[in-house]
Each structure stands twice: as structure tokens, then as C-alpha cells.
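Here the structure is laid out as C-alpha cells; the discussion comes afterwards.
The values are calculated or read from the model by the stated rules, or taken from the named source; none is laboratory data. Treat the numbers as computed from the prediction; the structure is a model and nothing was measured. Please note: Cβ atoms are built from the backbone with ideal geometry, for glycine as well, and neighbour counts cover all protein chains shown.
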Amino acid sequence: MDTRIETLVRAELAGLLPPDAMRALQIRHGKVSFVLDAAPDTLPENTVETARKRLLRIEGVTGVDIVRAAPRAEEPEAPAGPAPIAGVGAIIAIGSGKGGVGKSTVSANLAVALADQGLRVGLLDADIYGPSQPTMLGASGRPIGRENRIVPLSAHGIRCMSVGMLMDPDRALVWRGPMLVTAMRQLLHEVIWAPLDVLLVDLPPGTGDVQITLAQTVPLNGAIIVTTPQDVALIDARRAIDLFAQTGTPLLGLIENMSSHICPHCGGEDDIFGHGGGAAEAEARNIPYLGALPLSRSMRETGDAGSPIVRADPQSPEAARFREVAAALKDRLPQATASGEGN
């Protein structure tokens, strides 16, 4: 980034925009782009146009792209109905009834494994309060704006987007329900996702505003439930299953994560959380069972390092399990999507 231009940009907008309203600032070849994070009622009329004119006066600035991506403080209007995302073949939600089941680790590795099997894949981190995909995918850059939309980052062969890429990593998000709803709609419809065969949406735990908004905003082609073998996790997983059933979302399958522990020393497996609870639940609910995934130190270490184990250690037994689950899921995707005809 051109530090001279950056300094002048910040100085020009210091008195025009509220503090911390300018996010994801990028300066490339003289083009300035950023996300304007401020409620409309806090800005004077024509603020965006005024900012654009001021910045174009700076020597060396050749263009300005400002993306309005701020949540509204007021209750958002109810959507007319789910609207598809142009150029995206299928939208698949990945949910769980509770936290701590490793859903985000599963989502990241599953996305990379599907991409390795020839699909064009996107991953949306919809956990607004606890976004973890920027860390797991090593996607530490800032998205740029283009034609009033946001360009997602690319990592490990997939496109990815998270609210964590737009905010300071140590900043707490104090957003009420209406703000979450607006942010969710923007992450779906104001990001340049296309062309994709499948967009995976890594949902936060539970059955709250984000889950309901997703079902109301886009037509979901299916949902995947991630659970662990214990009874306490399966109780919460049933709530997630019921939510998707109420919204008319097809259940593509259930994944049992942490099904066994792989010892880093001897390679042996131990069913420390029990085993088979997910398969039994899938059978009882008449839901496809996509497979079991292990718990291992290497999965945690590679995720913390920003490289999912499918990419970091493709010959590992953990990566092999993810590829098996991805293959099972790919077989259940709409045929047009799997063949690339959906875009």
C-alpha cells in the first residue's frame, strides 16, 4: 500500500466520516477502495459522493470505490422472499445445535476437499460474533470493493468471506438482531461470489437470527449437521435438524466429528467421546450419514496455522477421511452443480 496516499486519504476523510467508519482500506495502483461502516443516520447527505470527490483531488489517486456495508440500526424490512445468488449453483448450510463440535474446522476442510474434487467452492463464515475462518484459512488480507460490491478473498483454492475480514481482530461486535440480519444479507448478496458450483455457509451455533435470516434470504439447496458422538451434543443437533425441517431445507447429511482420537505418537485411535452416536441418530431420523471424522493434534495445529489439514498434510489419515466425506456430499449435490452446469 502507498503510505503517502494512505496518509492523505485518512487526513481528507478525518473530519467527514465518524471515527473507525473506514474499514478494509486498500490502495492499489492509485485506486482507493474501502468499506464504509456507519449507520446512514450518522452521515450527512451526499457523504459518499463528497468523500469520492475529495479523494480524487489527491495526487496519484486514479479511482475511488466505496462500498456501503454497514448494518442499519433500525429493524430491517422483511424480505420479499429468498433470492438466488447469481452464478452460484448450490447454497449449503453447515450447522450444529451447539458450539464446540468443530463445525468450523469441518467446514474449512470440507470446502478445500470439494475444491480438490473439481468444484468451484466458496465459504461464507456466518458466525458474526466469533468468526474463525480467517484464521483457519490463513486469509488475513482485507477484501477490496468493486462496483459497490465486495470481492472475497481466495485461499487454498476456494473463495472465502467473513465479517472478521472487515473488522479489527480484537474488536468486539456489539450488534443487536436487526444489525445481524442486515450484515448477513450483505454477505450473501453484496459479495461477488460467482462463478461457484457450491457456496458453503458456516453457521454459528444454535438456532437464532443468522440461521433464520439465511433461510429467508437465499434458497438453500440443503443443510449439513455436524455433531459429536455424545448424547449432550446429539440433543442440540436435533434442534438444528428441526430448524431446517421447519424452513423446508433438505438435509443432505449428518457428520460425526471427533468420532475418535488419533494418537500423535502411535497413530492408534481411541473413542474418547464415544462412537457411533451420529450414525445412529442419522438412521433414526432417516438422514444420510456422510461419515465420521477424527480428532487429532495435527488438525488443531494446521487449523491454527491457517492451512486446513486437507491442504497441509494431504497424505494424512485425517485428510483421507475429509475426502471421503466430501465425495459423499458431492454425490448428493444437485447434478447440475456437480457437473458445473449451474453457473
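Just to be sure, is residue 99 assigned by TED's automatic domain parsing to the domain that holds residue 160, at pLDDT below 80 and surrounded by fewer than 19 Cβ atoms within 10 Å (Cβ to Cβ)?
So residue 99 passes the test.
Can you tell me which residue among 256, 318 is under 24 Å from residue 211 (Cβ atoms) and touching a Pro at 6+ places or on another chain (Cβ under 7 Å)?
256
Report those helices (runs of 4 or more DSSP H) wholly inside the range 248-332 carrying at least 1 residues which are buried (at least 16 other Cβ atoms within 10 Å of the Cβ) and touching a Phe, Trp or Tyr at 6+ places or on another chain (Cβ under 8 Å).
Where helices (runs of 4 or more DSSP H) fall fully within the range 248-332 and carry at least 1 residues being buried (at least 16 other Cβ atoms within 10 Å of the Cβ) and touching a Phe, Trp or Tyr at 6+ places or on another chain (Cβ under 8 Å), they are 277-285, 309-312.
Any idea which residue in the range 103-124 is surrounded by the most Cβ atoms within 10 Å (Cβ to Cβ), counting only those that are part of a helix (DSSP H, G or I) and touching a Pro at 6+ places or on another chain (Cβ under 7 Å)?
Of everything passing the filter in the range 103-124, 108 is surrounded by the most Cβ atoms within 10 Å (Cβ to Cβ).
For residues that are of a type outside the set (Val, Ile, Thr) and over 19 Å from residue 149 (Cβ atoms), tally how many sit in the range 25-54.
Total meeting the criteria: 10.
Considering only residues of the range 135-151 that are closer than 17 Å to residue 125 by Cα and polar (S, T, N, Q), which is surrounded by the fewest Cβ atoms within 10 Å (Cβ to Cβ)?
Within the range 135-151, the match that is surrounded by the fewest Cβ atoms within 10 Å (Cβ to Cβ) is 140.
Given (1) within 23 Å of residue 328 (Cβ to Cβ); (2) under 22 Å from the mean Cα position of the chain (by Cα), where does residue 239 come up short, assuming only one miss?
It fails just one condition, (1).
What is the one condition in (1) surrounded by 20 or more Cβ atoms within 10 Å (Cβ to Cβ); (2) of a type in the set (A, V, I, L, M); (3) modelled with pLDDT of 90 or more; (4) in contact with a Lys or Arg (Cβ under 7 Å, 6 or more places away or on another chain) that residue 192 does not satisfy?
(1)
Could you tell me whether residue 228 is touching a Phe, Trp or Tyr at 6+ places or on another chain (Cβ under 7 Å), of a type in the set (Ser, Thr, Tyr) and in the same structural domain as residue 295 (by TED's automatic domain parsing)?
yes
Just to check your reading of the model, which residue among 241, 262 is among the aliphatic types (A, V, I, L, M) and under 30 Å from residue 165 (Cα atoms)?
That would be 241, the only listed residue that is among the aliphatic types (A, V, I, L, M) and under 30 Å from residue 165 (Cα atoms).
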